[in-house]
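Following: one structure in structure tokens, then a few remarks.
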Amino acid sequence: MAGRRAAIKAIDWAAFAERVPPNQRAMFNALKTRSDALSARMAALPEKPPAIDWAHYKATVAKAGMVDEFQKKFSVLKVPEPVDTQTAKIDAQEREAAKSTAEYVQASKARIAQYEQQLQKLRSMIPFEQMTLEDLHEAFPETRLDKEKYPYWPHRPIADL
């Protein structure tokens, strides 16, 4: 039992609670209560199950060889522990998530640098109240109207409006 108890991972409930949205707080509390109840039941169990008093059963059971037969079968019986097949898959998913998160963080940092350059450009330009039309077209070329290519108002393709 001690090996099983040591193998159980401790749950950081405080960190878990920080990630739970407010609308799911009741379900989280129910999960924590259930987990605590199961942990208490596991802790109450003895390290090894109590030994069977075969002498008592031999004296009590009327049929002569029945208890000896059960004792032999019981001593041979080995209950296999289930094989963990999911941990490797979960670890692979965790590595993939960490990889995609690192890529996202790197792309976000690149976007932040680009946005900071744009913000610096906007902060360094003349205030809009003092701009002339030429200053506006220089700062924002997409506002310039192409009167030679599109001679009629709105001086740009209808699809771009």
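The values are calculated or read from the model by the stated rules, or taken from the named source; none is laboratory data. For clarity, every value in this text was computed on a predicted model and none was experimentally measured. Backbone-built Cβ (ideal geometry, glycine too); neighbour counts: all protein chains shown. For the accessible areas, the whole protein counts, side chains as well, though only heavy atoms, and no ligand, DNA or RNA atoms are used. Shrake-Rupley method; radii C 1.70, N 1.55, O 1.52, S 1.80 Å.
Treat every Asp and Glu Cβ in region 79-161 as -1 and every Lys and Arg Cβ as +1, leave all other atoms uncharged, and give the resulting dipole magnitude about the Cα centre to the nearest 20 debye. Intermediate values should be presented prior to the final figure.
Values: 11 positive and 15 negative charges, 41 e Å.
That gives region 79-161 a dipole magnitude of about 200 debye.
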message = Sequence gap of 8 or more, or different chains, plus Cα separation below 18 Å: how many lysine pairs satisfy both in region 41-161?
response = 7
Selected from H137, A55, Q117, residue furthest toward positive end of dipole (region 45-161; charges at beta carbon) = A55
ask   = By how many degrees, between 0 and 90 and to the nearest 10, does the Cα long axis of helix 66-76 differ from the longest principal axis of the chain?
value = 40 degrees
task = Find the accessible area per residue for the chain; the probe is 1.4 Å, ligands and nucleic acids are left out, and the unit is Å².
result = 90 Å²
inquiry  = Charges on Cβ only, +1 for Lys and Arg, -1 for Asp and Glu, centred on the Cα centroid of the chain; of G65, V105, F16, which one is farthest towards the dipole's positive end?
reply    = G65
note = With only helices counted (DSSP H, runs n ≥ 4, each -39500 (n - 2.57)), the per-residue ellipticity at 222 nm for the chain, to the nearest 500, works out to -19000 deg cm²/dmol
key: Residue-level accessible surface for S124, protein heavy atoms, 1.4 Å, Å²   = 90 Å²
message = Need one value: the accessible area of I126 in square angstrom, 1.4 angstrom probe, rounded to the nearest 10.
response = 70 Å²
ask   = Hey, what D do you get for region 26-69 in µm²/s if you plug the Kirkwood alpha-carbon radius into Stokes-Einstein at 20 °C and 1.002 mPa s?
value = 153 µm²/s
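Between H155 and A102, take the C-beta separation as r, use R0 = 45 Å, and let me know the FRET efficiency to the nearest 0.05.
Values: r = 47 Å, r/R0 = 1.04.
Between H155 and A102 the formula returns 0.45.
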ask   = With a Cα-only, solvent-free Debye model of region 70-131, what are the log10 I(q)/I(0) values at q = 0.16, 0.22, 0.27 Å⁻¹?
value = -0.77, -0.93, -1.04
task = In debye, nearest 20, what is the charge dipole magnitude of region 65-111 about its Cα centre with +1 on Lys and Arg Cβ and -1 on Asp and Glu Cβ, if you could check?
result = 260 debye
ask   = Got the relative contact order for the chain handy, in percent, Cα pairs under 8 Å and 6 or more residues apart?
value = 9 percent
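Nothing charged except the Cβ atoms of Lys and Arg (+1) and of Asp and Glu (-1): what's the magnitude of the dipole of the chain about its Cα centre? Round to the nearest 20 debye. Don't skip to the end; give the middle numbers.
Numbers: 25 positive and 22 negative charges, 248 e Å.
Dipole size: approximately 1200 debye.
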key: Largest to smallest accessible area among Y150, Y104, Y57 [probe 1.4 Å]   = Y104, Y57, Y150
key: For E116, solvent-accessible area (1.4 Å; no DNA, RNA or ligand), Å²   = 120 Å²
ask   = How large, in percent, is the carbon and sulfur part of the accessible surface of region 59-161 at a probe radius of 1.4 Å?
value = 59 percent
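Relative to the compact globular guide of 2.2 N^0.38 Å, what is the alpha carbon radius of gyration of region 1-158, as a ratio? Before the final figure, lay out each step's value.
Numbers: Rg = 36.5 Å, N = 158, 2.2 N^0.38 = 15.1 Å.
In units of the 2.2 N^0.38 Å rule of thumb, it is 2.42.
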